[in-house]
Amino acid sequence: MRYHHVDVFTDRPYSGNSLAVFPEADPLTGAQMRTITQELRHFESVFLMRDGSPGRPRSWRARVFDLAGELDFAGHPLIGAAAVLHALHGAADPEAWTLRLPDRPVEVATERRGPGRYASLLDQGAAAFLGRPDPDGLAALFALDPGDLDPGLPPEVVSTGLRGRGGAPARAPAALRPSGGGRARLATGGPWT
């Protein structure tokens with residue numbers, strides 16, 4: 001099966017975020033897609049199937065897998081997928097692609113910048129604001145004291161579609177506690193101590 005090794009977020013080959021794009025994945029099952037992703041050992045792979053909707057030549061179904069399984073959404077594989085589609089099927093500059101994930105469509109605009117080089121803009125839709133977590137509990141998840149959180153930036157749970165990502169607005173320099181029980185500080189402009 002043909003696939004493309006793609007590097008996104010870079011202007012140099014073999015740098016940036018790499019992934020595998022399979023532009024003709026129609027015959028594959030989800031289990032096969034996961035196995036292929038695990039075999040290649042890329043963080044993510046994207047599998048494309050023609051949408052088949054009349055009047056939508058720039059619309060493709062897409063499934064994204066990481067080493068653990070299928071993802072509801074992941075931005076850099078979709079950006080890479082749109083660049084591959086532009087290389088294979090793009091007739092104009094710029095092009096616009098609809099990538100239909102199992103739960104929702106996303107739009108990606110691409111523009112050729114040279115041989116094998118594309119600029120892409122992903123519209124993943126509006127972020128969902130899911131509420132405010134307990135600051136004390138959130139601080140503990142990151143091995144921080146509640147006072148390490150910036151009171152001017154209350155924590156908020158926000159989703160753009162990818163599970164398992166998060167952060168806490170900490171004061172600078174942030175107090176970091178490695179699991180070994182020691183305490184390290186990241187000094188502004190200084191080394192780890």
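The values are calculated or read from the model by the stated rules, or taken from the named source; none is laboratory data. What you see is a predicted model; the values in this text were computed from it and never measured. Methodologically, a virtual Cβ is constructed for each residue, glycine included, from the backbone with ideal geometry; neighbour enumeration extends over all protein chains shown. We work out accessible area using only protein heavy atoms, side chains counted, and drop any ligands, DNA or RNA first. Shrake-Rupley method; radii C 1.70, N 1.55, O 1.52, S 1.80 Å.
What is the distance in Å between the Cα centres of the stretch 80-97 and the stretch 24-68?
Centre-to-centre distance over Cα atoms comes out at 17 Å.
Ignoring everything but the protein chains, give the 1.4 Å probe accessible area of Asp7 in square angstrom, nearest 10.
Answer for Asp7: close to 40 Å² accessible.
Grab the other residues whose beta carbon is less than 10 angstrom from that of Gly80, score K and R as +1, D and E as -1, and report the net.
-2
With a cap of 16 neighbouring Cβ atoms within 10 Å, and only residues DSSP puts in a loop, list the chymotrypsin sites (Phe, Trp or Tyr not before Pro) found in the stretch 1-60.
Of the chymotrypsin sites (Phe, Trp or Tyr not before Pro), the ones in loops of the stretch 1-60 whose Cβ has at most 16 other Cβ atoms within 10 Å are Phe9, Tyr14, Phe43.
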